[in-house]
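Visitor: My questions all concern the structure below.
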Amino acid sequence: MRPTMAETRHTKVLIIGSGPAGYTAGVYASRAMLSPILVQGIEPGGQLTTTTEVENWPGHSEIQGPDLMVNMETHARDMGTEIISDIITDLDVSKRPFTALGDSGTTYTCDAVILATGARAKWLGLESEDKYKGFGVSACATCDGFFYRGQEIVVIGGGNTAVEEALFLTNFASKVTLIHRRDELRSEKILENRLMKNEKIEPLWFHELVEVVGDDNPLGVTAVRAKHTKTGKITEIPCKGVFVAIGHAPANELVKDTLETHMGGYVKTQPDSTATSIPGVFAAGDLTDHKYRQAVTSAGMGCMAALEAERFLAEVEE
């Protein structure tokens with residue numbers, strides 16, 4: 001449901017975000033009889049809704065990302081989590097009860113809050129990249145790969161995301177060029193092996209993207225220019241699509257000025273805990289995890305956050 005009028009809602013536990021961390025927190029907080037409210041945010045289901053095959057979720061050799069998130073949402077709701085389609089635009093954690101303002105006009109107050117806002121794709125910051133976003137430049141192969149059947153495509157990056165996107169795009173593309181600034185990948189070995197065996201993928205080592213080239217009418221990509229990181233020589237590579245896969249940045253806008261962060265903006269938590277620098281505020285999933293960034297570890301942290309929130313509330317109510 002989406003609130004249609006300005007109102008104030010109070011809950012013991014407010015969960016902000018709806019990926020594996022948020023929904024799992026909902027399941028556990030509901031089982032603890034805390035009657036949590038979960039506000040889904042701008043992208044219900046999170047990053048997994050833009051993924052196709054998920055092959056590393058325990059119990060499923062393969063499941064579609066969107067299906068996994070629908071299952072999680074249903075599970076949380078069935079357990080008793082109230083799930084609201086709204087976006088939190090402001091969060092005040094300076095005093096308890098904490099106060100969150102929804103885009104709908106609703107104010108949410110809570111005794112404990114679980115932050116599970118996740119992360120979002122990083123961009124290179126090039127003017128030409130921005131110009132062709134949505135017109136040949138994308139950060140989501142599973143969203144846009146279909147449009148490039150039989151075309152030549154470029155992928156930027158060298159981690160798991162880049163290799164997964166490059167492999168996925170071979171389903172459509174005639175050729176995929178992977179541009180990486182070093183000469184070795186940071187991805188898991190199993191993915192690297194798949195990439196090296198794939199005849200459609202050609203790695204371009206020691207290069208970085210400097211410009212996306214294209215037409216103005218209609219807007220569309222025709223090539224990229226890549227610079228050799230050692231010699232400075234520019235190479236132009238014809239392509240119709242450019243997929244930027246250089247990692248993710250934590251969605252920390254609500255708390256970057258109030259909670260302690262590290263590693264480029266990830267919310268810092270106490271060792272072996274989801275507790276943040278403010279008592280009663282817990283963080284789970286990709287918002288805090290700069291190391292693993294997996295659906296299963298996010299879900300585990302969602303469980304931890306709910307159990308820690310339950311313990312926190314029991315102690316402050318004594």
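Visitor: Could you tell me whether the range 123-244 comes out rounded, prolate or oblate from its Cα gyration tensor? Rule is a ≥ b ≥ c as square roots of the eigenvalues, rounded for a/c under 1.5, then prolate if a/b exceeds b/c, otherwise oblate.
Guide: Cα axes put the range 123-244 in the oblate bin.
Visitor: Here's another thing I want to ask about it. Using the charge dipole of the chain (Lys, Arg: +1 at Cβ; Asp, Glu: -1 at Cβ; taken about the Cα centre), state which of Ser277, Tyr108, Leu126 has its Cα farthest towards the positive end.
Guide: Of the candidates, Leu126 comes out farthest on the positive side.
Visitor: Of the cross-linked pairs Lys189/Lys256; Lys122/Lys268; Lys227/Lys256; Lys133/Lys291, which ones have a Cα-Cα span greater than 24 Å in the structure shown?
Guide: Check vs 24 Å cut-off fails for Lys189/Lys256; Lys227/Lys256; Lys133/Lys291.
Visitor: I've got another one for you. Would you order Cys110, Cys143 from fewest to most other beta-carbon atoms within 10 Å of each residue's own beta-carbon? Don't jump to the answer; show the numbers that get you there.
Guide: Working: Cys110 25, Cys143 14.
Neighbour counts put them in this order, fewest first: Cys143, Cys110.
Visitor: Per DSSP helix of 4 or more residues, -39500 (n - 2.57); summed, then divided by the residues of the chain. What does that give at 222 nm, rounded to the nearest 500?
Guide: -7500 deg cm²/dmol
Visitor: Kindly list the residues of the range 259-278 that lie in the label zone of Glu315, defined by a backbone N under 17 Å from the point 7 Å along the Cα-to-C-beta vector.
Guide: Under cut-off, by backbone N: 269-278.
Visitor: Going by how many other beta carbons lie within 10 Å of each one, how would you line up Ile156, Ile83, fewest first?
Guide: Ile83, Ile156
Visitor: Residue separation times 0.36 nm, minus the C-alpha to C-alpha distance between Thr231 and Arg120: what's the value?
Guide: That pair, Thr231 and Arg120, stretches by 36.7 nm at full extension.
Visitor: Which order do peptides 282-288, 145-151 fall in by mean Cβ count within 10 Å, highest first?
Guide: The most tightly packed comes first, giving 282-288, 145-151.
Visitor: Treating the angle as unsigned and between 0 and 90°, give the value, to the nearest 10°, between the Cα long axis of helix 65-79 and the longest Cα principal axis of the chain.
Guide: 0
Visitor: Under a Cβ-Cβ cut-off of 13 Å, what is the net charge of the residues other than Leu259 that fall near it, where Lys and Arg count +1 and Asp and Glu count -1?
Guide: In short, -2.
Visitor: To make sure I understand, if each residue's beta carbon is the centre and we count other beta carbons within 10 Å, what order do Glu164, Glu315, Glu253, Glu129 fall in, fewest to most? Before the final figure, lay out each step's value.
Guide: Working: Glu164 23, Glu315 9, Glu253 13, Glu129 19.
In order of increasing Cβ crowding within 10 Å: Glu315, Glu253, Glu129, Glu164.
Visitor: Another question, if that's okay. Using the alpha-carbon centroid of each, what span in Å lies between the range 1-68 and the range 253-273?
Guide: The distance from the Cα centre of the range 1-68 to that of the range 253-273 comes to 21 Å.
Visitor: Quick check: the angle from helix 20-31's long axis to the longest principal axis of the chain, C-alpha only, nearest 10 degrees?
Guide: 20
Visitor: Turning to a different aspect of this structure: What angle do you read, to the nearest 10 degrees and between 0 and 90, between the alpha-carbon axis of helix 160-169 and the longest principal axis of the chain?
Guide: 60
Visitor: Once the other residues with Cβ under 11 Å from the Cβ of Ser128 are scored (Lys, Arg +1; Asp, Glu -1), what is the net sum?
Guide: Values: positive: Lys131, Lys133, Arg225; negative: Glu127, Glu129, Asp130, Glu211.
It works out to a net charge of -1.
Visitor: State the cysteines of the chain left without a partner when partners are defined as other cysteines whose beta carbon lies under 4.7 Å away.
Guide: Taking the Cβ cut-off of 4.7 Å, the unpaired cysteines of the chain are Cys110, Cys239, Cys303.
Visitor: Further question: Calculate the all-directions average of the projected area of the chain's alpha-carbon convex hull, and give it in nm².
Guide: Averaging across all directions leaves 17.9 nm² for the Cα convex hull.
Visitor: Let me ask something additional. Label-point separation (nm) for Arg77 and Asp272, each offset 7 Å from Cα along Cα-to-Cβ?
Guide: Going from the Arg77 label point to the Asp272 one covers 3.8 nm.
Laboratory data are not the source of any read-out in this text; all were calculated from the coordinates shown. If you're wondering where the values come from, they're calculated on a predicted model, not measured in any experiment. Because the Cβ atoms are built from the backbone with ideal geometry, glycine has one as well, and the counts that use them run over all protein chains shown.
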